[in-house]
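The values are calculated or read from the model by the stated rules, or taken from the named source; none is laboratory data. Please read all numbers here as calculations on a predicted model, not as lab measurements. Glycine gets a Cβ as well: all are built from the backbone with ideal geometry, and neighbour counts include every protein chain shown.
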Amino acid sequence: MTKLFFLISLILLPTTFTSQSEKQKPPTAAHTELTNYGFPIGLLPSSVKNYTFNQTSGEFSVDLGSACKITLPPDNYLATYSKRVSGKIVEGRIAELDGIRVRAFFKWWSITGISSSGDNLVFEVGMITAKYPSKNFDESPQCEGKHSSS
């Protein structure tokens, strides 16, 4: 169980490695909404195309245009975002999350929820949770094989 927790923690490391010549796009409405609920913008890739949000229910949907793959260093763990990511957000909590998966132990694991508690984020992967500093997600990762278009 401890080894599984450690490997999942490596998988969820932030993906802020971009070359100095690449510029961060200004935050989209979806990224701004994350900060309104106590989350860093780096939970979503920079490729957000469209975003819908129901303020009454907290339900949201993020359209990335296409599926997004990110390789997480140092051991080439993969994380994928579906073309559409959805869930429910309230202050400090994202629940019913659908569309983000990480690969560990030759298996894909869905991230089903994220909580923000102070300076940390707690990721839920099935029955397992992993905690990371929020500051590790201050920048939005770029999808592999995609170039930003202004």
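Give me a count of the residues in the stretch 54-65 that are surrounded by fewer than 17 Cβ atoms within 10 Å (Cβ to Cβ) and touching a residue at least 24 places away in the same chain (Cβ under 8 Å).
Of the residues in the stretch 54-65, 3 are surrounded by fewer than 17 Cβ atoms within 10 Å (Cβ to Cβ) and touching a residue at least 24 places away in the same chain (Cβ under 8 Å).
Could you grab me the full set of residues in the stretch 32-44 that are over 17 Å from Ser82 (Cα atoms) and touching a Ser or Thr at 6+ places or on another chain (Cβ under 7 Å)? Don't jump to the end; show me each part of the working.
Filtering the stretch 32-44 for residues over 17 Å from Ser82 (Cα atoms) gives 32-41.
Within the stretch 32-44, Gly38, Phe39, Pro40, Ile41 qualify.
Looking only at the stretch 93-127, count how many residues are loosely packed, with under 15 Cβ neighbours inside 10 Å and out of contact with any Lys or Arg (no Cβ under 6 Å at 6 or more places or on another chain).
Number of matching residues: 9.
So, Gly99, is that one touching a residue at least 12 places away in the same chain (Cβ under 8 Å) and assigned to a loop (DSSP other than H, G, I, E, B) or not? Please lay out each step first, then the result.
Values: touching a residue at least 12 places away in the same chain (Cβ under 8 Å): yes; assigned to a loop (DSSP other than H, G, I, E, B): no.
So Gly99 does not fit the description; no.
For Asn36, indicate whether it is at pLDDT below 95 and more than 14 Å from the chain's Cα centre (by Cα).
Judged against the criteria, Asn36 is a match.
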